[in-house]
Amino acid sequence: MKSEEQRKLFRSLLMAGILLAILWLVKCCEVWFQVDWGRYGIYPQTWKGLRGVIFSPLLHADFSHLSANSVPLFVLTAALVYYYGKLSKWIFILSWLLTGFWVWIFTKGDGYHIGASGVVYALAAFHFTSGVLRREPRMMAFSLLVVFLYGGLVWGVFPEYFPGKNISWESHLLGLFVGVILAFFFRKEGPQRKQTYWDEEEDGDDDPDAYWKIPKEEKPEEPKQPPVFPPFVSDSTGSVRNNNS
């Protein structure tokens, strides 16, 4: 059992590490070859911008942008693989594609949307909502951890908190919606709360020989005990007499 848990943990950390390595490799190549791949991001409501649904989470404006997304993306992806196993790949792929596609459909503007923050918001919302819906102790504990670590992410959906900054708050908001919807969609799959069943009594309702099911005339009569009187009784004058004499 312990070795199985260790394999799950190793696999989850490995998959999250590979994802992070790809993101850093892309940025390092971009800097090393002095190219700007931002044009492969999401450009809303244009055919050329549709390719960004796939590529935009791999692209970041600079290393500080990438660093800000790296830690939460690693933690949330590792937890997804650890808790949901084979189901995690579908949750992750849908979080990636749906967030990007909704940004392409609903967002307006003349700029490119890049970065993995939309996926981060989708995964955070999924973990929290899924923990609440499932009421499974481990899921609920992790959902509280998500709130503790990344509760501040909620402010990223309000553009007025970041005046003058090119932050794709639409990606954050739509990623949040995607995570909640996926949590509801997959609520019957993956880890579930264990049901507790009480042991049936020996004389259960299905027992034909239960005492309360025996007809009254067939029940054995309990032996009658003779009345027991105290050996001494006080009369009205206050004197004591012996009943046995």
First in the range 52-81 and touching a residue at least 60 places away in the same chain (Cβ under 8 Å), second anywhere and among the basic types (Lys, Arg), Cβ under 8 Å, 6 or more apart: Val81/Arg11
Considering the range 91-102 alone, what residues qualify as being without any contact (Cβ under 8 Å) to a residue 60 or more places away in the chain and under 16 Å from the mean Cα position of the chain (by Cα)? Phe92
Take Gly49 and decide whether it is farther than 22 Å from Phe92 by Cβ and either among the aromatic types (Phe, Trp, Tyr) or touching a residue at least 60 places away in the same chain (Cβ under 8 Å) (or both). yes
Identify, by number, the condition in (1) at pLDDT 85 or above; (2) of a type outside the set (Lys, Arg); (3) more than 20 Å from Val81 (Cβ to Cβ); (4) open to solvent by less than 80 Å² (accessible area, probe 1.4 Å) that Ala183 doesn't meet. (3)
Do we have any residue at all in the range 144-160 that's in a helix (DSSP H, G or I), more than 24 Å from Tyr83 (Cβ to Cβ) and open to solvent by less than 40 Å² (accessible area, probe 1.4 Å)? yes
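The values are calculated or read from the model by the stated rules, or taken from the named source; none is laboratory data. Since the structure is predicted, the reported quantities are computational estimates derived from the model, not experimental observations. Ideal geometry is used to build each Cβ from the backbone, glycine not excepted, and the neighbour counts take in all protein chains shown. Each accessible area value is taken on the protein alone, full model and side chains, heavy atoms only, with ligands, DNA and RNA left out. Shrake-Rupley method; radii C 1.70, N 1.55, O 1.52, S 1.80 Å.
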